[in-house]
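These notes are about the structure you will find just below.
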Amino acid sequence: MTVLVIGAILAGVMLGYWLLPPDITTHLDTVTTVALCLMLVGVGMDLGSQRQTWLRLRALGWKVLLVPALVALGSLAGAVAGGGLLGLPVNESSAIGAGFGWYSLSGVLIAKIYSVETGALAFLTNISRELLAFVLIPALAVRLGHLVAVSPGGATTMDTTLPLIARSTDADTTVIAVVNGTTLSALVPFLVPLLIHL
Amino acid sequence: MTLIFVSLGIGIIWGHLRPLSGRGARAAHVVTLAGLFIMLVSMGAQLGSDERVLANLGRMGLQAVVLSVFSVLGSVLMVYLARNFIYRGLDAKLTRGQRREKQ
C-alpha cells in the first residue's frame, strides 16, 4: 500500500512537472473536491460500521480511552514544540501532528483545504512517524512496557503496525491497540481541518 | 470545511445504520481508494508544477523528521507517565473480556 501511495504521488509530480500546463490545476479543483467527498464518505462508513470495536470499548470502560487521548495530546504538544523550533506556525504544526501517522489522509486534507506545501510536509511527517513506529515498537515493548509500545503508532495501530504490536506485546495490549488506532483514526478527519484553521 | 464534516457525517450515519456486508465493505473500500488516489495524484501534480515547493523538498524532509520525532516523543512520554494509572483495574476487565470471547 505504501508503495502504491508513494507511486501515485510520484506519478502526479511527473505529470505536474512535465505534462500538465500550469493553468490546468484550477480545473483539478472540482475533480479533487468530488474525490475528497467520496473518500470521506468511505472513511465515515468504515468508522461507523466498526460496531465491534466500539462495543469492546464500552466493555473496557473509559480508562482505555486515556491511551488515545494521551497519544493525541502528546502528538499535538510534540508537533507544536518541534514546529516552534522550526519556526512553523502553531496551526500548521498542530494539524500536521494531528495526522497521527495517517499520512495519506492528513496530507491530502491539508493540501486541499490549506496549502499544497504544508500538505506535502504533513505527508512526509506522518510517513516518517509510521517508519519510526516500526523501528520503535519492539524496542519500547521490551524496555518501557507493552502499553508504551502502542503510543508511537498513533492511528496506524489499528492496521499497518497492529501485526508488529501483536508480535511484540500480548493479546491484552493488542485489544488496546485496536481501540487506540480506531479512536485516533476517527479523530484525524475532524482535528486536522479544525486545527489548520486555528 | 463544512463539506468535509457533512461527507464524514453521511458516511458515519450510513455505516452505523447499515453496517457493511462483505460485498458492501469491498465496494466502499474501492470508492475510498479511488478517491484517495485521485487526491494523491492531484497533490503530486500540484507539487510537481510548483518550482518553489520542489526546490524546498530537502528542507521539508528535515522538517518532517523533526516533527515526527517530537510527535512520537510526546506520545511515548505521555503514555509512559500514565501507564500505571491506566493499567490499574484494567487487567481484570481485559482478562474477563478475552475469556468471554473465547467461549
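Against the condition at the interface with chain A (Cβ under 7 Å from one of its Cβ atoms), at pLDDT below 80 and surrounded by 15 or more Cβ atoms within 10 Å (Cβ to Cβ), how does B:Val76 come out, does it pass? Answer is no for this residue.
Could you say which residue among A:Phe123, A:Phe134 is touching a Phe, Trp or Tyr at 6+ places or on another chain (Cβ under 6 Å) and either in a loop (DSSP other than H, G, I, E, B) or aromatic (Phe, Trp, Tyr) (or both)? Checking each option against the conditions leaves just A:Phe123. The residue pairs whose first member lies in the range A:59-84 and is farther than 23 Å from B:Leu62 by Cα, whose second member is among the basic types (Lys, Arg), and whose beta carbons are closer than 6 Å, counting only pairs six or more residues apart or on different chains, are A:Leu60/B:Lys93.
Take the residues of the range A:8-45 that are outside any helix (DSSP H, G or I) and surrounded by fewer than 16 Cβ atoms within 10 Å (Cβ to Cβ): which is modelled with the lowest pLDDT? Give the steps one after another, and end with the answer.
Step one: filter the range A:8-45 for residues outside any helix (DSSP H, G or I), giving A:20-23.
Pick out the ones that are also surrounded by fewer than 16 Cβ atoms within 10 Å (Cβ to Cβ) and you get A:21-23.
Values: A:Pro21: 73, A:Pro22: 66, A:Asp23: 72.
Looking at residues that are outside any helix (DSSP H, G or I) and surrounded by fewer than 16 Cβ atoms within 10 Å (Cβ to Cβ), I get A:Pro22.
Residues in the range A:152-178 that are under 13 Å from the mean Cα position of the chain (by Cα) and in a helix (DSSP H, G or I) were compared, and the one that is surrounded by the fewest Cβ atoms within 10 Å (Cβ to Cβ) is A:Met158.
Of the listed requirements (1) assigned to a helix (DSSP H, G or I); (2) in the same structural domain as B:Ile4 (by TED's automatic domain parsing), B:Leu20 misses just one: (1). One residue stands out among those in the range A:108-117 that are more than 8 Å from chain B (Cβ to nearest Cβ) and surrounded by fewer than 24 Cβ atoms within 10 Å (Cβ to Cβ): the one that is modelled with the lowest pLDDT, which is A:Ser115.
Would you check if A:Ala81 is in a helix (DSSP H, G or I), surrounded by fewer than 20 Cβ atoms within 10 Å (Cβ to Cβ) and within 7 Å of chain B (Cβ to nearest Cβ)? First the steps, then the outcome.
Working: in a helix (DSSP H, G or I): yes; surrounded by fewer than 20 Cβ atoms within 10 Å (Cβ to Cβ): yes; within 7 Å of chain B (Cβ to nearest Cβ): yes.
Yes, satisfied.
The values are calculated or read from the model by the stated rules, or taken from the named source; none is laboratory data. What you see is a predicted model; the values in this text were computed from it and never measured. Neighbour counts run over all protein chains shown; Cβ positions are idealised from the backbone, glycine included.
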